[in-house]
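Student: First the structure, then my questions, so here it is.
The values are calculated or read from the model by the stated rules, or taken from the named source; none is laboratory data. In this text, all values refer to a predicted model and were calculated from it rather than measured experimentally. Every residue, glycine among them, receives a Cβ derived from its backbone with ideal geometry; neighbour counts consider all protein chains shown. Only protein heavy atoms, including side chains, enter the accessible area calculation; ligands, DNA and RNA are left aside. Shrake-Rupley method; radii C 1.70, N 1.55, O 1.52, S 1.80 Å.
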Amino acid sequence: MELQEAITLISGQPACRPSAGTWADIGCGSGLFTFALAHLLPAGSSIYAIDKMPVILGPHPDPQQIPIITQQLDIEKKDPDIKGLQGIMMANSLHYVADKATLLQRLTRLLPPSGQFIIVEYDTSAANPWVPFPVRFEALKHLFRQAGWTQAEKLGERPSRYRSGNMYAALISA
């Protein structure tokens, strides 16, 4: 996927944009969606790019000059130590977590009542080696309701390159 496609997938309507502040991109990989988020956040925001593997960000443009701080951390074993966190993005990473409910309960405690999640996943229930624990959009809404979140808006959708359901982006808020 190209950067502009990632930006389009998570951008949604203007009323559904991510809030200003400090964000964590959990399971950031090479940072494609980290930089997509940086294109949408206003100046003065920052992003922690977190992955359990050493983080090596790809060469993507950041016109807003949003500070991106890399951090190696296994989120299933330890919470990030980030003060003032406003939002959490998990782009193509939640499907690696078997116990999603427990993780989402823990992550919810890191955010203020005005916090937000952006989730990018595949709308399928068919597991494969790249998506071992898939989460359909309806199941995602249910998981977040259980964690105390009330709003789940689909930001965008596109065909999956793996032909097993569409890829979607969702904004979760209180």
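Student: Could you say which residue among GLU153, GLU157, GLU138 is touching a Ser or Thr at 6+ places or on another chain (Cβ under 9 Å) and of a type in the set (Asp, Glu)?
Tutor: Answer to the check: GLU153.
Student: Taking MET53, is it aliphatic (A, V, I, L, M), surrounded by fewer than 13 Cβ atoms within 10 Å (Cβ to Cβ) and either at pLDDT 95 or above or on the phi > 0 side of the Ramachandran plot (or both)?
Tutor: yes
Student: Within region 13-59, work out how many residues are over 17 Å from GLN86 (Cβ atoms), over 13 Å from the mean Cα position of the chain (by Cα) and in a loop (DSSP other than H, G, I, E, B).
Tutor: Of the residues in region 13-59, 10 are over 17 Å from GLN86 (Cβ atoms), over 13 Å from the mean Cα position of the chain (by Cα) and in a loop (DSSP other than H, G, I, E, B).
Student: Which of (1) buried (at least 20 other Cβ atoms within 10 Å of the Cβ); (2) of a type in the set (A, V, I, L, M, F, W, C); (3) closer than 19 Å to LYS52 by Cα is the odd one out, the single condition ALA98 does not satisfy?
Tutor: Of everything listed in (1) buried (at least 20 other Cβ atoms within 10 Å of the Cβ); (2) of a type in the set (A, V, I, L, M, F, W, C); (3) closer than 19 Å to LYS52 by Cα, ALA98 misses just condition (1).
Student: Just one of GLU138, GLU76, GLU153, GLU121 is open to solvent by 60 Å² or more (accessible area, probe 1.4 Å) and modelled with pLDDT of 95 or more; which is it?
Tutor: GLU138
Student: I would also like to ask the following. Would it be correct to say that ALA24 is touching a residue at least 12 places away in the same chain (Cβ under 8 Å) and in contact with an Asp or Glu (Cβ under 6 Å, 6 or more places away or on another chain)?
Tutor: no
Student: Out of TYR122, TYR96, I need the residue that is among the hydroxyl-bearing types (Ser, Thr, Tyr) and under 18 Å from LEU9 (Cα atoms). Which one?
Tutor: Step by step, each of TYR122, TYR96 is checked, and only TYR122 is among the hydroxyl-bearing types (Ser, Thr, Tyr) and under 18 Å from LEU9 (Cα atoms).
Student: I'd like to know if region 2-12 contains one or more residues that are among the hydroxyl-bearing types (Ser, Thr, Tyr), in contact (Cβ under 8 Å) with a residue 60 or more places away in the chain and outside any strand (DSSP E or B).
Tutor: The answer is yes; a qualifying residue exists.
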